[in-house]
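A short write-up of the structure that comes next.
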Amino acid sequence: MAGYKDMTREELLQLKTGLEAQYREAQGRGLKLDMSRGKPSAAQLDISMGMMDVLTSDSDLKCEQGVDCRNYGILDGIVEAKRLLSDMMEVPIDNIIIYGNSSLNVMYDTVARSMTHGVMGSTPWCKLDKVKFLCPVPGYDRHFAITEYFGIEMINVPMTENGPDMDMVEKLVAEDEAVKGIWCVPKYSNPQGYSYSDETVLRFANLKPAAKDFRIYWDNAYGIHHLYDENQAELVEILAACEKAGNPDMVYKFSSTSKISFPGSGVAAIAASEANLVDIRKQMTIQTIGHDKVNQLRHARFFKDINGMREHMRKHADIMRPKFEAVINILEEELGGLGIGSWTKPMGGYFISFDAMEGCAKAIVAKCKDAGVVMTKAGATFPYGLDPKDSNIRIAPSFPTLEEMTEAAKLFALCVKLVSVEKLLETKEA
């Protein structure tokens, strides 16, 4: 089929009639599918159920340090959990603090602490006239929600296949002391599934920020979330790169087991320089006596080591991979060559990014919803929910079954066609 943009008005009208009939038929199927967030499916949760049997009432609940995990003590995490997550995050064990169940919570705490008490002795952000954050777009909506909540001005930075536009990042960071941070999902980024190139990581490490309290918020959410055994993304390790570049304190690295074990019941961590960790512990000693050591012990004993964790992730990949491939195959079959959309083909992570024709994303998402498929809100991948082109849509294949995902992808492609035809008809004279 020829590209839609090359069709005459009469051809588009004829096409629209056929698409509308297909859409009405789809509406009549009574679909109720939710692919709005990157939630693991029940099948993925099932592979971690063995963790529920690792500890029993007969278990020795003392950690390697000899502390009873049922009791108070050990502010920043038992050594078994530190070892497991430091290997997962590719950092030395001394550079990590174990938190509770959510890396998002750690990121929120980190911004909140900077607002109220500053960063390593700097002026608290709440006392400054202006605080700004750089936001690679499209990006992770929950990152943007944190900075918006604290009234921090967000600046869009375009993403490329190699990471953020580093010319723009370097310029803004070097020229504006109000720029205090940048959000990053460096491996299998949300939503595009891109991984930062070696050059990008090294340019991050060698930034020359005007603000001494500038920090890179390096959210390594998908560090071991590969879909394939081959062509796995490998990144230059950012903490080591920053230290080598003479910027040891410039990065906070976040991660968790939320999409490895149980979302909401995993283990989260932050990795940073010793100076940063000293600053963080000052808050922690007031905030908590320590996080859930029983859960830390459960994770350590279930996975045993990083190799056990990697094997576990292969099981996740076996469940996820067919869904990703189904979506991409359907997009290629239904939309390939039509000139009305483009999409990424990730090798890992949790999302596929789709770019519709300009001005079409909200209408496509609305049509999907009206036919029973709930997707991520159009615009969510941009700060303030404002996609300037109204074109980006995040596809989350993980939660539905393969059969449901296949049906949802076909409906999505149909909605893309219908909305695109309607948009093109607006531009052609009657």
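The values are calculated or read from the model by the stated rules, or taken from the named source; none is laboratory data. This is a predicted model, so every value here is computed, not measured. All Cβ positions, glycine included, derive from the backbone under ideal geometry; neighbour counts span all protein chains shown. Quick note on the areas: whole protein, heavy atoms, side chains included, nothing else; ligands and nucleic acids left out. Shrake-Rupley method; radii C 1.70, N 1.55, O 1.52, S 1.80 Å.
Could you work out how much longer the chain between Glu426 and Gln287 gets when fully extended? Use 0.36 nm per residue separation minus the Cα distance between them, nm to one decimal.
Once the chain is fully extended between Glu426 and Gln287, it gains 44.3 nm.
Between Lys130 and Asn329, what length comes free when the chain is fully extended (0.36 nm per residue of separation minus the Cα-Cα distance, one decimal in nm)?
67.0 nm
Just by accessible area at a 1.4 angstrom probe, what is the order of Thr406, Thr147 from largest to smallest?
Thr406, Thr147
Could you let me know the centre-to-centre spacing of region 378-430 and region 209-250, using Cα atoms, in angstrom?
Answer, in whole Å: 32.
Provide the net charge surrounding Ala178, with neighbours chosen by a C-beta distance below 12 Å and charges set as Lys +1, Arg +1, Asp -1, Glu -1.
-3
Checking the cross-link filter: which lysines have an alpha carbon closer than 17 Å to that of Lys377, excluding same-chain neighbours under 8 positions apart?
Lys32, Lys39, Lys362, Lys367, Lys369, Lys389
Round to the nearest 10 and give me the degree value, 0 to 90, for the angle of helix 79-89's Cα axis relative to the longest principal axis of the chain.
Orientation of helix 79-89: about 40 degrees from the principal axis.
With the crude spin-label approximation of a point 7 Å out along Cα→Cβ, what separation in nm comes out for Asp370 versus Tyr228?
Placing both labels 7 Å beyond Cα along the Cβ direction yields 3.8 nm.
Starting from the residue with the highest accessible area, list Lys323, Lys32 in decreasing order, probe 1.4 Å.
Lys32, Lys323
Going by Cα centres, region 93-155 and region 16-45 are how many Å apart?
36 Å
What does the extension gain come out to for Val54 and Arg310, with contour length at 0.36 nm per residue minus their alpha carbon separation?
Between Val54 and Arg310, full extension yields an extra 90.3 nm.
Which links in Lys132/Lys417; Lys5/Lys187; Lys259/Lys282; Lys132/Lys410; Lys187/Lys315 stretch past 31 Å when you go from one Cα to the other?
Distance filter (> 31 Å) returns Lys132/Lys417; Lys5/Lys187; Lys132/Lys410.
Out of [x] 147; [y] 250; [z] 155, which label holds the value of volume of the Cα convex hull per residue in Å³ that was computed here?
Among [x] 147; [y] 250; [z] 155, the one calculated here is [x].
How much mean residue ellipticity at 222 nm does the chain get from its helices, if each DSSP H run of length 4 or more adds -39500 (n - 2.57) and you divide by all residues, to the nearest 500 deg cm²/dmol?
One gets -13000 deg cm²/dmol as the mean residue ellipticity at 222 nm.
Given a 1.4 angstrom probe, what's the average accessible area per residue across region 295-430, in square angstrom?
40 Å²
Once you order the gyration tensor axes a ≥ b ≥ c over the Cα atoms, which shape class does region 1-135 get: rounded for a/c under 1.5, otherwise prolate or oblate by comparing a/b with b/c?
Verdict is oblate for region 1-135.
Which percentage, to the nearest 5, of the DSSP beta bridges contained in the chain is antiparallel?
Within the chain, antiparallel bridges account for around 45 percent of the total.
Please label the shape of region 219-300 as rounded, prolate or oblate, based on the square roots a ≥ b ≥ c of the eigenvalues of the alpha-carbon gyration tensor (a/c under 1.5 means rounded; beyond that, a/b larger than b/c means prolate, else oblate).
oblate
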